[in-house]
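The values are calculated or read from the model by the stated rules, or taken from the named source; none is laboratory data. Keep in mind the model is a prediction, meaning the values are calculated, not measured. So basically every Cβ, Gly included, is an ideal-geometry build from the backbone, and we count neighbours across all protein chains shown. For accessibility, only protein heavy atoms count, side chains too; no ligands or nucleic acids. Shrake-Rupley method; radii C 1.70, N 1.55, O 1.52, S 1.80 Å.
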Amino acid sequence: MTTTDSTPHCPPELLHGAKKVSVGSGVTGLLWTGVRTQLSGPARQYLRGTFPAVAVQAFTATTEQYWRNWLSDDNLDRLSGLVVVLDSTGLPVAWVASNDRRFGGRRCFYANSAGVHPDHQGTGISSTIWRALLRSAIVKAAPRSLYAVMRTGNPLVYGAWSAATGRTDSTWPSPDGVVPEHVRRIAADAAADLDQAERLDPSTLVITDAYDDTETGLWTQRPTSDRTDIDDWFATILGPRDAVVLVVAFQPVRIMLDEVRRKARRTLGLRGSPSSRSSRAHN
């Protein structure tokens with residue numbers, strides 16, 4: 001069901017073809033699951049006029065032209081999912097975007113891009129809107145595992161996605177772990193899809209000069225996470241323009257059981273475990 005009525009948080013040109021996502025007070029999330037057909041021409045023009053100025057504040061070493069290129073019709077039409085969060089004035093403050101892919105012969109959810117304006121970082125927006133895209137992908141993959149894949153140089157993103165599985169053995173690469181062969185094949189296909197296959201080290205999943213279209217990478221200073229071991233590891237293995245191909249395995253049956261347990265705990269009034277900081281910008 002699409003959203004057609006007006007709202008004080010959403011310019012009318014963005015509403016056609018979009019579904020509202022519950023994000024929080026004072027902001028509105030809009031979801032497009034078929035971007036090529038659902039995101040209208042006027043909506044694209046609105047995003048091109050407002051989105052780049054926000055994105056450069058999340059990725060401080062990029063330019064507005066970089067993001068206008070990212071918002072080109074060719075790129076948008078390749079997206080399978082897009083969520084944009086708008087503040088009370090109708091300006092974007094956060095986003096996530098994904099592609100459906102088959103890498104290494106397996107169903108994969110490619111986390112194309114995500115970012116949060118500095119004023120809204122640490123509020124949980126990013127994890128909330130990622131779940132909106134990831135949930136349906138996990139259901140489609142069931143009962144097989146779904147592999148979430150992304151290119152990132154952000155240790156906070158790494159930590160957030162690692163924690164999302166609820167396991168310690170479902171994230172690659174890892175500081176002390178060996179990358180299994182099936183994950184190497186996934187990473188190799190992902191790097192090839194980015195036209196960066198020759199830059200991938202299959203043993204570490206590091207892509208050298210992954211962000212070669214910017215002079216100094218995505219940030220003037222790399223973000224940090226809640227874990228100093230991850231921060232130190234990233235500082236050791238990555239240069240300013242390098243990234244890892246992060247591969248995270250989600251097991252649908254386990255996730256569904258965990259969701260049932262969470263609902264039961266809420267019903268019984270039991271307190272769950274505290275949530276971690278939300279992931280900030282990555283690409």
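A few remarks follow.
- Of the criteria (1) of a type in the set (A, V, I, L, M, F, W, C); (2) open to solvent by less than 10 Å² (accessible area, probe 1.4 Å); (3) in contact (Cβ under 8 Å) with a residue 40 or more places away in the chain, which one residue 67 fails: (3)
- Test: residue in the range 218-229 that is modelled with pLDDT under 85, assigned to a helix (DSSP H, G or I), farther than 18 Å from residue 110 by Cβ and among the hydroxyl-bearing types (Ser, Thr, Tyr): no
- When the residues of the range 125-142 are filtered to those that are surrounded by fewer than 17 Cβ atoms within 10 Å (Cβ to Cβ) and among the small types (Gly, Ala, Ser), the one that is nearest to the chain's Cα centre (by Cα) is 136.
- Count - residues of the range 185-217 that are without any contact (Cβ under 8 Å) to a residue 60 or more places away in the chain, under 18 Å from residue 110 (Cβ atoms) and in a helix (DSSP H, G or I): 4
- Counting only residues that are under 20 Å from residue 224 (Cα atoms) and either without any contact (Cβ under 8 Å) to a residue 24 or more places away in the chain or of a type in the set (S, T, N, Q) (or both), the range 143-175 holds 5 of them.
- Single condition residue 151 does not satisfy, out of (1) surrounded by fewer than 20 Cβ atoms within 10 Å (Cβ to Cβ); (2) of a type in the set (D, E, K, R); (3) farther than 14 Å from residue 32 by Cα: (1)
- For the residues 186, 207, the requirement of being touching an Asp or Glu at 6+ places or on another chain (Cβ under 9 Å) and modelled with pLDDT of 95 or more singles out 207.
- Where residue 156 falls short, out of the listed (1) touching a Pro at 6+ places or on another chain (Cβ under 6 Å); (2) loosely packed, with under 15 Cβ neighbours inside 10 Å: (2)
- Selection count, the range 176-200, where residues are buried (at least 17 other Cβ atoms within 10 Å of the Cβ) and farther than 21 Å from residue 75 by Cβ: 7
- Failed item, numbered, when residue 96 is tested on (1) farther than 29 Å from residue 224 by Cα; (2) without any contact (Cβ under 8 Å) to a residue 40 or more places away in the chain: (1)
Here's the yes/no breakdown for (1) surrounded by 15 or more Cβ atoms within 10 Å (Cβ to Cβ); (2) within 19 Å of residue 132 (Cα to Cα); (3) modelled with pLDDT of 95 or more:
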residue	(1), (2), (3)
15	yes, yes, no
23	yes, yes, no
54	yes, no, no
59	yes, no, no
74	no, no, yes
